[in-house]
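Only one structure is covered here, and it is reproduced in the block below.
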Amino acid sequence: MATVAFVGAGPGAADLITVRGARWLARADVVLADALADPALREHAPDADWIDVGKRGYGPATEQAVIHALLLRYAARCACVVRLKGGDPSVFGRLEEELAVVRAAGHETVVVPGVTAALAAAADAQRPLTRRGRGRSVALTTAMTREHALCAGRHADSEVFYMAGTQLPALARQLAAAGWPATTPLSVVSRAGWPDAIHTQHTLATLAQACVLHRGRPTVVIVGAAASALAPAHAGSAAAWQAASASA
């Protein structure tokens, strides 16, 4: 029986993959790769067979049943199969279904976590996802569903919406209906984790304007406390830090 490793590649450039993820790639006989995985990751597995099983929003996509069939086909033939997923496999990555299929066939499975898009977007925005005293909870929601039905609410201090690029006007309406004030801060980040990432700041009242800047790019929207401006350093604390630095 084969080992099938579900590896998170991170949401952007190849150097976001973890050391453990790179080691599993190096062991792979076959890699079934998501569309958003950086092609440079092939350097970690130059002798493996790479098969594109990508999905891109409303565009062409590999059917999930085909992915299941490919996992089983190559697991029956190879010692190590890597299912390379963008971001983290456990966050909107269809991991539950694929794990179940592979395990039912009797194969060993391994899950290697990766950097999820919410973390990369917060890093690009340089606005932490959690804040002491005012940002203690974060909710992750997909804006892309099979039924194309967005469901936005107010469930946490900060809400993060994945795959939201085509849904910004609808998202703004639903957030307003859920009780978020028009002045609520939002960070919009497209191609998070890539060198060409774009980060813009908005309020709920101006969110729809971000469509022009982020059109056609994988987009994450952060709402609430995590999108707010950084608290200014206390003047006394700053002076103390500078004095300590000078005496070190």
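Please treat every number below as a calculation from the coordinates, not as lab data. Since we're looking at a predicted model, the values are computed, not measured. Note that we place each Cβ from the backbone using ideal geometry, even for glycine, and neighbour counts take in every protein chain shown.
What to note about this one:
- Rel. contact order, % - alpha carbon contacts under 8 angstrom, at least six apart, the chain: 20 percent
- Rounded to the nearest 10 degrees, the angle from helix 235-247 to the longest Cα principal axis of the chain is 70 degrees.
- Rounded to the nearest 500, the helix-only mean residue ellipticity at 222 nm of the chain stands at -8500 deg cm²/dmol, with each DSSP H run of n ≥ 4 adding -39,500 (n - 2.57).
- Antiparallel DSSP beta bridges within the chain, as percent of all bridges there, nearest 5: 45 percent
- Estimated FRET transfer efficiency (GLN201, ALA40; beta-carbon r; R0 35 Å; 0.05): 0.70
- Backbone geometry of region 163-175 corresponds, through the Karplus equation with coefficients 6.51, -1.76 and 1.60 at θ = phi - 60°, to 3J(HN,Hα) couplings of 6, 9, x, 8, 10, 4, x, 5, 4, 4, 5, 5, 5 Hz, x marking Gly and Pro.
- Put simply, the amide H of GLY87, placed in the peptide plane, has neighbours under 5 Å in ALA9, GLY10, GLY12, leaving out anything fewer than 5 places away on its chain.
- Rounded FRET efficiency, nearest 0.05, which uses the C-beta distance separating GLN209 from ALA231 and R0 of 35 Å: 0.85
- Projecting the Cα atoms of MET1, VAL221, GLY86 onto the charge dipole of the chain (Cβ charges, centred on the Cα centre) puts VAL221 farthest toward the positive pole.
- For trypsin sites (Lys or Arg not before Pro), the sites in region 140-222 that DSSP calls loop and that have at most 14 other Cβ atoms within 10 Å are ARG146, ARG215.
- In this label model, ILE51 and ARG136 are separated by 4.8 nm, measuring between points 7 Å along each Cα→Cβ vector.
- Loop chymotrypsin sites (Phe, Trp or Tyr not before Pro), region 1-77 (other Cβ atoms within 10 Å of the site Cβ: 13 or fewer; DSSP): TYR58
- Taken about its Cα centre, the chain carries a charge dipole of roughly 560 debye when the Cβ of each Lys and Arg holds +1 and the Cβ of each Asp and Glu holds -1.
- Karplus (6.51, -1.76, 1.60) ³J(HN,Hα), θ = phi - 60°, over region 15-30, in Hz, Gly and Pro reported as x: 6, 7, 5, 6, 4, 5, x, 5, 5, 5, 4, 4, 8, 6, 8, 9
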